[in-house]
Each structure stands twice: as C-alpha cells, then as structure tokens.
Amino acid sequence: MRKYRTVPVLLMFLFFFPFLSSAACDTSSRLKSIRLPPGFAIEIYAPDVPGARSMTLGERGTVFVGTRGEGKVYAVVRREGDRGATEVIVVAKGRNSPNGVAFRDGALYVAEISRILRFDRIESRLADPGPPVVVSDGFPRETHHGWKFIAFGPEGMLYVPVGAPCNVCEREDPRFASIQRIRPDGTGQETFARGVRNTVGFDWDPATKELWFTDNGRDWLGDDLPPDELNHAPDKGLHFGFPYRHGKDIPDPEFGKKGKPMDVIPPAMELGPHVAALGMRFYTGSMFPEKYRNQIFIAEHGSWNRSTPIGYRITLVRVEGGRATGYEVFAEGWLSQGRAWGRPVDVLVMPDGAILVSDDKAGAIYRITYDRKEGERRAP
C-alpha cells in the first residue's frame with residue numbers, strides 16, 4: 001500500500017512542474033547570493049515578469065509594472081493570505097516603450113515615448129481593461145532617452161521627464177533634458193526643472209513634500225567620470241547643469257566652454273560613475289528599523305560604459321534635515337565576477353513596510369523584508 005500513496009503526490013508534481021519556469025527556479029537559487037544588512041531577507045514576489053521596470057501600487061493592492069522593449073504593462077495580483085501565490089496579468093501590450101506607470105483615482109496612467117495614456121477603473125477589469133484614454137500625445141517622439149518614469153506629485157500634478165535625445169547635446173526644443181508636469185487631464189503642461197539629462201526615478205520627501213530625483217551622467221568621459229546624481233528640487237524653475245556641467249563641478253569638454261547658466265544647482269549627492277541610478281523611493285514604512293525611515297533607496301541598474309562593471313545593486317542615501325549626508329550599499333550580489341545575472345530597476349514601498357524591487361534582466365520582482373529578532377541576533 002505504501003507505494004500507491006506516492007502516486008497522487010507524483011501526479012501533482014508532474015502536473016504543476018511544467019508551469020514552473022527554469023528561469024524562475026534559477027533566479028530563486030541566485031537570490032541566496034544577495035548580501036543584505038543583518039535581519040533583512042529577500043525572496044521572489046513575482047517570477048516571470050519579463051522586462052519588469054517601473055512600478056506603482058493600486059488602491060486594491062495591485063502592483064502595476066511597466067516595460068520597455070516588451071511593450072507590455074503587467075498587473076501583479078497577490079492572493080490574500082498566501083505569501084507565494086501571485087498572478088501576473090498583461091493589461092496592455094503592443095505599446096511604445098511603456099516604461100512609466102502611475103495610479104490615481106482608480107485609473108492607471110501609462111507613459112509611452114510621446115504619449116500619456118489612462119486606463120480607467122483598471123482594478124475592476126484587469127482581464128479586459130478596454131482601450132485607454134489618451135491624456136496627452138504632445139511629447140517628443142525621439143526614442144533616445146525617450147522612455148519615461150512618471151509619478152503624481154503632492155499637489156496632484158503628473159510629473160513627466162523628457163530625456164536628452166543624445167549622449168550630450170543642446171536642442172532648441174526646451175522640453176528636452178527637463179522634467180515637465182501636467183494636470184491629470186493632460187492640460188497645463190509646464191517645465192518644472194531643467195538641465196536634467198535623463199531621470200528615470202523620483203519621489204517627494206514625506207516631510208517637506210520637495211522633489212528628489214536620480215539623473216544618469218553622460219558617457220565617454222572615462223571609467224570614473226562623471227558621477228550619476230541624486231538631485232533635490234525644492235522649487236520650480238531650477239537648472240541642474242546639463243549639458244554644461246556634470247556632477248558638482250565637472251565642465252563638459254564641449255559645452256562647458258560656453259560657461260554655465262547662472263545658479264546651476266549641484267547634486268545633493270554624487271553617486272557612483274555610470275551606475276545607472278534609476279528608481280528611487282523614500283522609505284515611508286514601519287517594518288524596517290528607525291534608521292531607515294524617510295531615507296532614500298535607489299535601484300542602480302548597472303554600468304555599461306565602464307571597463308570594470310559597477311552598480312547592479314540597491315543603495316541607500318541618508319537624509320538629515322533636508323540634506324543628503326551619506327551614500328552606502330544596501331543590497332548587492334546581482335553582479336558576480338564581472339557578470340550580472342540581474343539588474344534592479346525600481347523600488348516600491350508596500351503598505352506592510354516591505355520593499356519591492358523590479359529586475360528587467362531576470363524578469364522578476366523581489367520582496368525585501370526585515371525581522372527584528374533576526375536583526376538583533378546577527379547585529380555585530
């Protein structure tokens with residue numbers, strides 16, 4: 001009788017095994033190499049999310065995820081009470097680099113290269129969202145740095161960056177190398193910040209409601225120049241130096257000869273050179289220890305324009321009194337012996353205080369949590 005009892009278990013294994021992708025199994029195994037501070041742990045939140053990039057959270061707990069080359073937008077739904085069960089639904093496909101996603105009043109906003117789309121009542125019809133509303137179709141069509149991160153500011157405006165259409169250049173169109181903002185209906189477009197080469201992540205200080213954003217430095221100045229940047233924009237109308245100055249005061253070899261605009265704002269923190277700092281969030285949860293609260297977590301996608309790769313990690317910038325005071329590694333291990341198996345893109349703080357991390361190379365979303373007892377036990 002004992003041998004027959006194994007048959008149902010074997011049949012269940014054979015039935016479910018085809019649905020477990022080898023890529024997901026590999027990613028789960030590789031997560032063991034991720035190094036985190038004592039007490040922190042990382043697990044797969046959702047496997048098989050090809051090209052996962054920017055994330056936003058719906059009112060009902062749905063995590064919406066944009067992509068670039070895949071042309072898709074996903075909805076990741078986690079079932080109540082089941083830590084391991086997630087469903088990944090394609091809510092849009094065939095879109096033009098729909099990297100940016102934002103959520104407001106029950107609607108999902110999606111940023112293509114030149115358009116902002118809106119899917120109304122999205123969480124009540126994930127299986128069939130229907131055609132989107134075109135909120136705005138007046139953004140430039142250049143694809144170089146044309147993919148967008150979008151988010152709603154504290155005043156209710158949608159912030160939409162327009163990257164420089166080049167490595168380094170000047171353009172007559174004043175929208176290039178800027179952060180724009182529009183009303184939720186697409187009207188009232190204005191320039192919020194200038195001299196911004198390519199930001200793919202920003203957030204607002206929960207205390208001051210002031211904007212902070214990452215910015216990718218130009219290429220081909222060598223391995224160690226220029227740094228990527230974390231910038232702070234407390235007011236509208238500031239200029240952050242591109243293409244005339246990089247970092248705190250590195251003149252561009254070509255455009256630096258023209259001088260620099262008056263009152264250029266230096267970065268709040270110089271980040272690693274070519275680390276490709278993308279998504280960033282202030283930590284507003286309560287799960288992590290006090291020293292992490294209201295601090296900035298940054299997803300560093302990783303270098304390509306560097307002989308020795310760096311980045312491929314999550315870093316932390318410490319903020320005190322509205323000033324960036326420190327820069328340190330929080331999670332690393334996606335890069336091993338000069339080769340990357342994963343590339344973090346965005347971070348998202350969840351209602352329970354955990355942090356999600358998207359990875360467009362591994363095609364997965366991770367969840368980072370903290371256990372106080374384990375942290376105290378392992379503390380040096």
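We did not get these values from a lab; they are worked out from the coordinates using the rules stated. The structure displayed is predicted, hence computed values, not measured ones. We place every Cβ from the backbone using ideal geometry, glycine too, and count neighbours over all the protein chains shown.
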Using a basic spin-label model with each label point 7 Å from the Cα along Cα→Cβ, how many nm lie between E172 and V329? 4.8
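Among the listed pairs K209/K258; K148/K236; K72/K209; K93/K209, which are separated by more than 24 Å between their Cα atoms?
Beyond 24 Å between Cα atoms: K209/K258; K72/K209; K93/K209.
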Long-range amide H contacts for D252: which residues qualify at under 5 Å (H placed 1.01 Å from N, peptide plane, sequence gap of 5 or more or a different chain)? R245, H246
What ranking, highest mean first, results for peptides 332-342, 203-213 when packing means the other Cβ atoms within 10 Å averaged over each residue? 203-213, 332-342
Ranked by how many other beta carbons lie within 10 Å on average, peptides 354-366, 169-181 from highest: 354-366, 169-181
Amide proton proximity set for A151, modelled H, under 5 Å, gap of 5+: Y159
Applied in sequence order to region 199-213, the curve 6.51 cos²θ - 1.76 cosθ + 1.60 (Karplus, θ = phi - 60°) yields integer Hz couplings, x standing for Gly and Pro, of 9, 10, x, 7, 7, 10, 4, x, 8, 9, 6, 9, 7, 10, 8
Using θ = phi - 60° and the Karplus curve 6.51 cos²θ - 1.76 cosθ + 1.60, what whole-Hz ³J(HN,Hα) does each residue of region 318-334 get, with Gly and Pro shown as x? 8, 10, 9, x, x, 10, 6, 10, x, 9, 8, 7, 9, 9, 8, x, 6
Classify region 120-227: rounded, prolate or oblate, from the alpha-carbon gyration tensor (a ≥ b ≥ c, eigenvalue square roots; a/c under 1.5 rounded; otherwise prolate if a/b is larger than b/c)? prolate
When the dipole is taken about the Cα centre of the chain, and only Lys, Arg (+1) and Asp, Glu (-1) are charged at their Cβ, what size is it in debye, to the nearest 20? 1040
Cα gyration tensor shape for region 238-315, rounded if a/c is under 1.5, else prolate or oblate: oblate
Could you let me know the centre-to-centre spacing of region 321-371 and region 157-209, using Cα atoms, in angstrom? 24
Using the Karplus curve 6.51 cos²θ - 1.76 cosθ + 1.60 with θ = phi - 60°, work out ³J(HN,Hα) for each residue of region 109-118 in order, rounded to whole Hz, and write x for Gly and Pro. 9, 10, 9, 8, 4, 10, 9, 10, 10, 9
What is the antiparallel percent of DSSP beta bridges lying wholly in the chain, to the nearest 5? 95
Within region 137-268: Cβ-based charge dipole about Cα centre, in debye rounded to nearest 20 (Lys, Arg +1; Asp, Glu -1): 280
About the Cα centre, charge dipole magnitude for region 56-138 (Lys/Arg +1, Asp/Glu -1 at Cβ), debye: 140
Expressed as an acute angle from 0 to 90° and rounded to the nearest 10, what is the orientation of the C-alpha long axis of helix 2-16 relative to the principal long axis of the chain? 30
Counting helices only, and only those DSSP H runs with n ≥ 4, report the 222 nm mean residue ellipticity of the chain as the sum of -39,500 (n - 2.57) divided by its residues, in deg cm²/dmol to the nearest 500. -2500 deg cm²/dmol
Would you work out if region 195-288 is rounded, prolate or oblate? Take a ≥ b ≥ c from the square roots of the eigenvalues of the alpha-carbon gyration tensor; rounded if a/c is under 1.5, else prolate when a/b is larger than b/c, oblate otherwise. oblate
Of the candidates G195, F139, W220, the farthest towards the positive dipole end of region 138-224 (Lys/Arg Cβ +1, Asp/Glu Cβ -1, centred on the Cα centre) is F139
Dipole check, the chain, charges on Cβ (K,R +1; D,E -1), about Cα centroid: among V162, Y327, L238 the Cα furthest to the positive pole belongs to Y327
